[in-house]
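Take a look at the structure below.
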Amino acid sequence: MKEKRTQWGSKWGFLFAAVGSAVGLGNIWRYPYVVYESGGGAFLIPYFFAIFTAGIPLLILEYSMGHLYRGSTPLAVFRANKNFEWLGWWPVISSAVILCYYSMILSMAVKYILFSVDKSWGQDSNDFFYNEFLKLSDSPFHLGGIVWPILIGILIIWAVNWLICYRDIKTGIEKISKLLLPCLLVIMIIIVIKGITLDGAATGLNALFTPDWDRVKNPQIWISAYGQVFFSLSIATGIMMTYSSYLPDKTDINNSAFLTAFANSGFEFLAAIGVFSILGAMAESQGVAVDEVVTSGIGLAFIAFPKVFSTMGIWGNILGVLFFICLSFAGITSSVSLVEAISASIIDKSGWQRKNVVTVICVIGFAASSIFSLNAGLYLLDIMDNFINNYGIVAVGLLEAIMVGWIIKPIVIREHTNSMSYFKIGAWWDIIIKYITPAILSVTLLQTIVNGFKTPYGGYDRTALIIYGWSVILLGIAGAVWISRKPWKKEESV
Ligand code: PHE
């Protein structure tokens with residue numbers, strides 16, 4: 001007998017959860033830096049090009065497949081074509097790796113909310129972060145021992161993941177996304193308003209947006225645009241297909257894809273304004289140029305920003321607390337989306353109860369994440385993040401487009417999504433999925449691989465990249481093929 005698949009409370013519940021997954025650390029600390037590095041205002045051309053030629057078309061593809069085939073990513077892909085089940089598992093395995101290191105970053109963000117209260121980092125935020133807090137070893141081969149505050153933070157994050165995902169999606173992920181996303185927006189607006197009223201904000205914003213048209217001619221900038229759009233929209237990670245499989249029968253899929261993409265871009269834009277106003281203020285107060293203070297990722301959040309907060313008196317404490325709350329909220333809604341993509345796949349495959357699956361995933365996930373609490377944790381995180389995002393996810397996006405473009409046929413998906421949607425997509429979508437997205441992603445992937453061989457990522461030893469990078473990718477593929485050989489236990493009931 002067919003059981004009814006669980007559903008979102010409303011279309012808005014789904015949208016909040018999808019935007020919650022998309023809006024994450026990538027919007028706050030990655031986007032501002034990528035724009036700045038890649039030609040400022042001129043970067044918006046490749047960025048929007050990437051959104052319209054890959055971001056939105058792939059979102060429509062994933063939403064539509066999840067909805068049409070009513071399954072987590074592996075099940076949906078299996079139902080579309082039995083030979084491709086492994087391609088449904090690969091992004092789920094990548095998600096598991098992302099989830100483990102995401103929990104470490106989140107645990108640091110939560111800890112920094114507390115540090116901001118009294119600016120515990122003191123005069124030297126760099127030394128505090130690497131030596132006092134992380135106790136970072138001198139190479140990825142010196143794993144060292146456990147750094148307890150990080151391990152405890154990771155435990156807390158997994159407990160939160162468990163508390164949210166243990167419940168049904170309607171009372172768990174939907175509810176938390178509806179709560180955290182508006183809070184996140186309000187906090188970001190406060191940060192932006194405070195940021196743009198600081199002395200020097202204009203310098204930062206000029207540095208960010210002044211277009212450098214020459215850079216747009218550089219292919220590397222186009223590659224960065226695709227990388228950013230992929231990561232930021234959480235596509236090719238198994239999440240969006242799973243989320244859309246919980247939609248009611250009649251839902252406007254095309255509209256939802258556009259709304260998700262625009263909400264995500266809007267938030268990125270806002271974050272870029274906030275971050276660069278604050279960096280501009282810092283540059284001005286130190287009498288240096290903006291490019292001397294700008295960094296991305298970990299460096300921006302845990303070193304540069306604390307340094308700025310130190311110079312701002314009581315506003316520094318307030319902004320610090322708000323900024324790290326922002327990171328934590330943005331990260332939690334992304335983190336639960338990763339847990340959901342993995343649990344839904346296992347539930348569909350094994351027929352086990354949701355509560356048991358989520359509990360087992362959270363226990364194993366915590367154990368696996370604990371390797372990031374070792375002294376070498378940050379190195380492992382950096383290498384895995386680079387490989388999963390630049391190789392794994394792009395490869396999955398490419399294969400998804402080829403699978404739908406050439407085997408399932410785009411018309412099947414387009415007819416389904418158009419039958420649901422008020423705004424119909426035309427044959428342009430078929431052309432994008434069949435030719436344009438595969439062509440661009442193949443070039444991107446090839447170029448990244450060639451560059452990676454020429455200059456080892458991050459100056460790491462090649463052996464370290466093989467052990468923590470390439471082998472993670474290859475084991476992911478092998479694992480995906482292995483699981484796809486196992487039978488579906490309760491295929492008829494999902
Ligand atoms: N989209 C999230 C961000 O912008 C990152 C993410 C990627 C989350 C993949 C889940 C899966 O930070």
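The numbers here are math on the coordinates, done by the rules we state, and not lab data. Quick caveat, the model's predicted, so the values are computed rather than measured. Cβ coordinates were reconstructed from backbone atoms using ideal geometry, including for glycine residues, and neighbour counts include every protein chain displayed.
Some points to look at:
- Ranking of ASP382, ASP461 by neighbouring Cβ atoms within 10 Å, starting from the fewest: ASP461, ASP382.
- Values of log10 I(q)/I(0), in the order q = 0.11 Å⁻¹, for the chain under a Debye, Cα-only, solvent-free model: -0.90
- Anisotropy class of the range 105-216 from Cα gyration tensor, a/c 1.5 cut: oblate
- The range 162-222 - Rg over Rh from alpha carbon coordinates, Kirkwood radius: 1.27
- Rg/Rh for the range 196-265, where both radii come from Cα atoms and Rh is the Kirkwood radius: 1.15
- Rounded to the nearest 10 degrees, the angle from helix 148-165 to the longest Cα principal axis of the chain is 40 degrees.
- Whole-Å distance, taken between Cα centres, linking the range 441-478 and the range 333-371: 27
- Separation of alpha-carbon centers, the range 257-332 and the range 78-149, rounded to whole Å: 19
- Taking the C-alpha atoms only, the angle from helix 410-420 to the longest principal axis of the chain is near 80 degrees.
- Shape call, the range 251-334: gyration tensor on alpha carbons, a/c limit 1.5: prolate
- Nearest-ten-degree value, helix 219-232 long axis tilted from longest Cα axis of the chain: 70
- Cross-link partners of LYS4 among aspartates and glutamates (Cα-Cα below 12 Å; sequence separation of 8 or more within a chain): ASP249, GLU492
- Alpha-carbon Rg with Dmax, taken over the range 416-494, Å: 19.9, 53
- With contacts taken as Cα pairs under 8 Å at a separation of at least 6 residues, the range 252-404 carries a relative contact order of 8 percent.
- Radius ratio Rg over Rh of the range 18-136, counting only Cα atoms, Kirkwood formula for Rh: 1.10
- Remark: THR6, THR417, THR237, THR455 ranked as THR455, THR6, THR417, THR237, counting other beta-carbon atoms within 10 Å and listing the fewest first.
- For the chain: relative contact order, % (alpha-carbon pairs under 8 angstrom, 6 or more apart): 34
- Global dimensions of the range 1-85 from alpha-carbon coordinates: Rg and Dmax equal 17.2, 57 Å.
- Taking 0.36 nm per residue of sequence separation and removing the Cα-Cα distance, the ARG5/ARG462 pair yields an extension gain of 159.9 nm.
- Listed cross-link partners LYS135/LYS355; LYS217/LYS454; LYS170/LYS434; LYS11/LYS486; LYS355/LYS409 are compared with a 30 Å cut-off, the Cα-Cα value being larger for LYS135/LYS355; LYS170/LYS434; LYS11/LYS486; LYS355/LYS409.
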